[in-house]
Structure formats: C-alpha cells, structure tokens
Amino acid sequence: MLRNRRTALISLLLGLGLAACASSGDQDSSGATDRSPSSEVMTASTQQALTPADVLADLKEGNRRFVEGRLTHRDYLAQAGATSKGQYPKAVVVGCLDSRVPPEIVFDQGIGDLFVGRIAGNFENTDLLGSLEFATKAAGSKLIVVLGHTSCGAVKGALDGVEMGNLTEMLDNLDEVVAEVRSRLSGPPDSSNAKLVQAAVERNVYQTVDDILARSPIIAEMVDSGELAVVGGVYDLATGRVEWLIE
C-alpha cells in the first residue's frame, strides 16, 4: 500500500513538472508555443499586394498586440541583413519627436516596415512633404499616418507662447491650431487647461492631414486614385493605445 502511494505521488510530481515545462515557452494569442523569432521582411511583391485598408488594419492589430503585451518576437539582425539591399515599407508615419512614442514599437513593426518622419508637434513642412512624396510615389508605401500624442510638449509650448532660439519659429507652425481651439473652448488659454491641450493635440492631427493633402498634389492624386490613404490618430502616453481620428 505504501509503495503504491509513493508511486502515485512520483507520477503526480512528474506530470506537474512536464506541464510546467510545456507552458514555459513563448505563446501567441491562441496559446501555441513559438520560440522562433521572425526574420520576415517586406518585399516588393508583398508591398504591391497590399491595399491602404490592409496596412491600416495591420497597424491597428500591431497596436493591439503592443497594448496587450504580445509584441512579435523578431530577429532584428536577420531583418537588417535582409533589407540591406532594398526597402519596401508599407506605411510612413509622421510623428512627434517625443521619445515616448516610437512608431515601430507602438505598432509592433520590424526593420523595413515603416518610414518614419519625426518633428516636435508632428506638423508638415516642405522638407517633410518631399519625404512623404518619396515614401509613397517613389517607394510605394500605401498609407500615411499622422500620429499625435497626449500631453504633447510642442502643443503646450505653442499654447504658452514659449520663445527660445529656433524653437520660437518652429512653434509658429501651430499658431492656426492654437487660435482655432481657443476660439471654441472656455477656461485658461494656456497649457494649464488640460481640455484645451487635448483639443489642440487632436486639432493638430486634423490640420496636418488637411495640409498634406492641400500642399501635395502628388499625394492628393494618389489618394483620389485609391493607391494611398492618409489617416490620423492620437497615441495615449498612459495606456499605449492609439485612438484613430481619421480613417
């Protein structure tokens, strides 16, 4: 009887140990174990096959994985080697300089997946417009994403009338946004008004999208033909989630 109990106990412990080993690997959303990092990269054929809607759906799903802590396990060195002779990004992101909003991580993308243009306040200028035209018309990207973020320092600086070196002239690019939100919101007219800051952040995304389409006939023509889409959203610094304002 004692031997039987010992045998049963040993069998139970072995079973628990094997179960623990089986569950220790990386798992995807379906529970499947996968410890192999992805080395896949964008190619000319995969880029060509995508539509703007496909790319937007992919970025939304990537942000969902980021928020849920399910980032794709990637072999970045292998991706670097695979893209060394050419690049075929699916999208271009116009983002803020802010160090807390890295587009490749926020959208769970790998090397060669995104063009990224970053400037404090995520507005457009001639140099950035030329870069966007290259990324889309010349290099084949299917989507332009204007990505603002909560508590944007550039927006706050514009609301507060900050002046410092070249920053003064840079913040002048947000004057139209600042004037518009002040005209329709009550309360303090500066960054102490959290609702005003958020409204300006959102309005700035709309303004940048409008300006890109108005100032670049090349991009506007691609949008009209269905080759390209220009969308916009706001990244939440606290939650990591992107709220899409323009789709």
Report yes if some residue within region 177-199 is under 18 Å from G117 (Cβ atoms) and at pLDDT 95 or above; otherwise report no.
no
Listed residues E227, E221, E180, E133; which is among the acidic types (D, E) and farther than 23 Å from D54 by Cβ?
E180
Can you name the number of the only condition in (1) in contact with a strand residue (DSSP E or B) (Cβ under 6 Å, 6 or more places away or on another chain); (2) over 14 Å from N125 (Cβ atoms) that T208 fails?
(2)
Scan region 93-128 for residues that are more than 28 Å from S36 (Cα to Cα) and not charged (D, E, K, R) and report the count.
15
So G112 clears everything in (1) free of Cβ contacts under 8 Å to residues at least 60 places away in the same chain; (2) in contact with a helix residue (DSSP H, G or I) (Cβ under 7 Å, 6 or more places away or on another chain) except one condition, right? Which one?
(1)
Give just the number: which of (1) over 21 Å from T46 (Cα atoms); (2) touching a Lys or Arg at 6+ places or on another chain (Cβ under 6 Å) does L167 not satisfy?
(2)
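On the basis of being part of a helix (DSSP H, G or I) and either out of contact with any helix residue (DSSP H, G or I) (no Cβ under 7 Å at 6 or more places or on another chain) or touching a residue at least 60 places away in the same chain (Cβ under 8 Å) (or both), does S131 make the cut?
Working: part of a helix (DSSP H, G or I): yes; either out of contact with any helix residue (DSSP H, G or I) (no Cβ under 7 Å at 6 or more places or on another chain) or touching a residue at least 60 places away in the same chain (Cβ under 8 Å) (or both): yes.
Yes; evaluated as a whole, the condition is true for this residue.
The values are calculated or read from the model by the stated rules, or taken from the named source; none is laboratory data. Quick caveat: nothing in here was measured; it's all calculated off a predicted structure. No Cβ is skipped: glycine too gets one built from the backbone with ideal geometry, and neighbour counts run over all protein chains shown.
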